[in-house]
Amino acid sequence: MDVDWDGLTALAREAMGHAYAPYSGFTVGAAARVDDGRLVSGCNVENAAYGVALCAECGLVSELHRSGGGRLTHFVCVGGDGRLIMPCGRCRQLLWENGGAALELLTASGVRTMEEVLPDAFGPDDLDRPR
Ligand code: THU
């Protein structure tokens with residue numbers, strides 16, 4: 001599927017402008033396309049209790065559900081000066097849950113799938129209780 005990576009990157013940079021990162025000084029913005037064509041985004045929000053910091057992806061996933069749910073199909077994350085960054089390990093798990101193996105990520109080394117950046121992931125299929 002053709003996706004507007006430039007538009008998604010611009011949205012991530014716009015989201016980054018709303019970040020609250022007084023402790024690390026490292027602002028992050030994330031943006032994604034949803035399978036119904038919607039766009040969602042998020043920024044990191046830090047806390048005086050440092051470990052409580054919310055990554056940009058947390059806000060993005062919250063907006064995904066708040067705005068109607070669905071599956072993430074394409075994802076971009078930018079940090080600092082607006083360059084592409086990789087999602088942290090915890091956020092790869094969040095992305096796996098909400099996009100699965102086929103979710104595409106724009107990275108500095110090109111377009112990668114979740115399967116590539118989180119191989120052999122633990123996910124909903126590993127739980128044997130009904131969902
Ligand atoms: N951060 C994110 O928002 N997403 C990531 O995937 C990597 C890290 C944030 C957390 C913290 O506020 C700052 O970047 C520095 O680690």
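The values are calculated or read from the model by the stated rules, or taken from the named source; none is laboratory data. No experiment lies behind these values; they were computed from the predicted model shown. Please note: Cβ atoms are built from the backbone with ideal geometry, for glycine as well, and neighbour counts cover all protein chains shown. SASA here: full protein model, heavy atoms, side chains in, ligands and nucleic acids out. Shrake-Rupley method; radii C 1.70, N 1.55, O 1.52, S 1.80 Å.
For beta carbons closer than 6 Å, sequence separation of 6+ or different chains, a first residue in the stretch 40-65 that is of a type in the set (D, E, K, R) and a second that is assigned to a helix (DSSP H, G or I), the qualifying pairs are 57/91; 57/94.
Listed by position, the helices (runs of 4 or more DSSP H) inside the stretch 35-130 whose residues that are not aliphatic (A, V, I, L, M) number at least 3 are 56-66, 89-99.
Consider the stretch 60-91. How many of its residues are surrounded by 17 or more Cβ atoms within 10 Å (Cβ to Cβ), under 25 Å from residue 120 (Cα atoms) and not hydroxyl-bearing (Ser, Thr, Tyr)?
Of the residues in the stretch 60-91, the ones surrounded by 17 or more Cβ atoms within 10 Å (Cβ to Cβ) are 60-61, 63-64, 70, 72-79, 85, 87, 91.
Next, only the ones that are under 25 Å from residue 120 (Cα atoms) stay: 60-61, 64, 70, 72-77, 85, 87, 91.
Narrowing the set further to residues that are not hydroxyl-bearing (Ser, Thr, Tyr) leaves 60-61, 64, 70, 72, 74-77, 85, 87, 91.
Total meeting the criteria: 12.
Residues that are among the hydrophobic types (A, V, I, L, M, F, W, C), within 14 Å of the ligand (Cβ to nearest atom) and open to solvent by 60 Å² or more (accessible area, probe 1.4 Å) within the stretch 92-120 comprise just one, 108. Would you pick out the residues in the stretch 51-89 that are among the small types (Gly, Ala, Ser) and farther than 15 Å from residue 17 by Cβ? Scanning the stretch 51-89 gives 51, 53, 62, 67, 68, 69, 70, 89. The set of residues from the stretch 25-66 being on the phi > 0 side of the Ramachandran plot and within 14 Å of the ligand (Cβ to nearest atom) comprises just one member, 25.
Checking each residue in the stretch 5-34 for being open to solvent by 20 Å² or more (accessible area, probe 1.4 Å) and either closer than 17 Å to residue 91 by Cα or part of a strand (DSSP E or B) (or both) picks out 16, 19, 20, 26, 27, 33.
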